[in-house]
Amino acid sequence: MGRIAEVVVPDIGNFHDVPIVDIPIKVGAEVKKDDPLVTLESDKASMDVPSLFDGVIKDVRVHVGDKVSAGAPIVVMEVPESPLLEASLPTGGEYRPPAAAQPAPAAPSQPAPVPAPPSHGEPADLRLPLGEGQLGMPPVSPRRAEPLPSPSAAVPSGPAHLPSHASPAIRRLAREMGVDVAAVKGTGPNARIRQEDLRAHVAERLNQPAQSPPIALPDFAQFGHIEMRPLSRIQRLSAAHLQQVWTQVPQVTQHGEADISELETFRKVEAEAAQQRGVRLTLLAFVMKAVVRTLQSHPACNCSLDGHGENLILKHYFNIAFAVDTAEGLLVPVVRDVDRKGILDLAAELGELSARARQKKLAPTDLQGATFTISSLGGIGGTAFSPIVNAPEVAILGVSRAQLRPVWIENQFVPRLILPLALSYDHRVIDGAEGARFMVDLCRELTDIRRLLL
Ligand code: CAO
């Protein structure tokens, strides 16, 4: 338990009734020595009242807009008991505003005026005897108050010419953060920049895609014959989206292998019957169903992160997008409510949507509302690849070509059909253990055909 002490406005020379323009602390906040408690701003100068000690704010006695003079109580703090502190508690401070803000010569040193006793009843232990526990401005090295340029004055950026619609503490913080205050939008009175404005500015800049210069190109024609071919509209749109996702989403790819031997035997038998109904029963329909069953027990993989990166938006519907390779570029139509559809229905819808994608007949609504994406390159070949998360979704499954492999089962090698899978996920939302669990559960769904058909 420390001591309770009241902080008052120090001697601020000839200034009286100076408005408080910012209070960067609140009750319960821990402050360090020199942290600003309030910012005062006259029509000539701006100054912080810093804390003299480390401590915890117990009460805030003022509001933004209040006008205060030397000796007015500002906050009540709990400060640690220490002999050093006892010795250093000021009995009054002296503050010399700079010449620019202080037309008259500095007043001689004098004790801080005694504040009027509070009009509202407070617990007695919140106050130390006046002059003993009142914390004022440091008696030495007072912070320099800087004259205000007119708001319309052009203010060059750079540490020597920082605009003055920010308190000295905010300017110092901005310098530490490498932020040019001139670029920050202030939301305080008279567009004054507050700490939260600085934070919002930094957050916004971090969320912007990195503006790097384009990669320098040589004159390729000097090495041989070339031709220019414009990207299709779809390719250009995809490129911008992929670039944005690549720079903004930290992603990891979890690999896995599912034994789909039983599934494939079942699919081949059922494919003939499906064919007679005009449906191509491909592996993708089974994978889609297995993905949704796995998503149902891994809700973090079926969500999005809100714009501030502070909340998960969990979706209680299962709309699965799948990548279709078309002559114009990649399209990603969406199969809705996969959890409510049978595998044959899914296969029919997959066929119909991929045909329309290739005929350029998809409606905008066919491309919206996905919660998860599957990209299957199994029909083409290759052993593995890492798909890029289709943000704002947080996970995507890459499916490669299944291969017959010898698998050691009960003391012998048995030929099994193994499907390589790759789950890329947004690592801000899904951690490695969750990604691995998703993959294990997905492989189990695909391997045990009975589970999938239940
Ligand atoms: N392993 C082994 N064989 C596979 C397979 C796999 N994982 N996936 C498909 N096949 C087989 C199919 O069974 C089919 O064989 P048959 O002709 O003997 O029946 C053949 O490969 C061709 O299948 P398909 O690719 O036409 O059909 P599908 O339903 O599997 O896939 C679609 C449909 C739309 C996903 C696919 O046509 C396509 O466009 N894939 C490309 C997606 C893409 O470009 N992704 C990259 C995006 S970037 O991340």
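The values are calculated or read from the model by the stated rules, or taken from the named source; none is laboratory data. As the structure is a computational prediction, the values presented were derived from the model and not from experiment. Heads up, the Cβs are rebuilt from the backbone with ideal geometry, glycines too, and the neighbour counts pull from every protein chain shown. Quick note on the areas: whole protein, heavy atoms, side chains included, nothing else; ligands and nucleic acids left out. Shrake-Rupley method; radii C 1.70, N 1.55, O 1.52, S 1.80 Å.
Before moving on, here are some points about what is shown:
- Residue-count net charge about ASP441 - beta-carbon cut-off 12 Å; Lys, Arg +1, Asp, Glu -1: +1
- Peptides 14-22, 196-204 ranked from most to least packed give 14-22, 196-204, packing being the mean of other C-beta atoms within 10 angstrom over each peptide's residues.
- Alpha-carbon Rg/Rh ratio, for segment 179-288, with Rh computed the Kirkwood way: 1.26
- Counted by Cβ distance under 14 Å from VAL414, the other residues give a net charge of -1, where Lys and Arg count +1 and Asp and Glu count -1.
- By a 1.4 Å probe calculation restricted to protein chains, TRP408 has an accessible surface near 150 Å², given to the nearest 10.
- In segment 322-454, the DSSP beta bridges split such that about 75 percent are antiparallel, to the nearest 5.
- Peptides 335-342, 306-313 ordered by average Cβ neighbours within 10 Å, highest first: 335-342, 306-313
- For segment 309-454, a Kirkwood radius taken over Cα pairs fed into Stokes-Einstein (20 °C, viscosity 1.002 mPa s) yields D = 126 µm²/s.
- The C-alpha atoms of segment 241-352 occupy a region whose extents along the principal axes are 51, 36, 26 Å, arranged from largest to smallest.
- In this structure segment 310-440 gives 50 Å² per residue of accessible area when probed at 1.4 Å with all protein chains present.
- Protein accessible area in segment 256-391, 1.4 Å probe - carbon and sulfur %: 51
- Rounded Å value of the spacing that divides the Cα centres of segment 336-413 and segment 1-73: 61
- Ranked from largest to smallest solvent-accessible area, with a 1.4 Å probe on the protein heavy atoms, GLU445, GLU328 come out as GLU328, GLU445.
- Rg then Dmax, both in Å and based on the Cα atoms of segment 319-378: 10.8, 32.
- Global geometry of segment 397-452, whether rounded, prolate or oblate, following the gyration tensor of its Cα atoms and the 1.5 cut on a/c: prolate
- Convex hull per residue volume in Å³, alpha carbons only, for segment 176-243: 166
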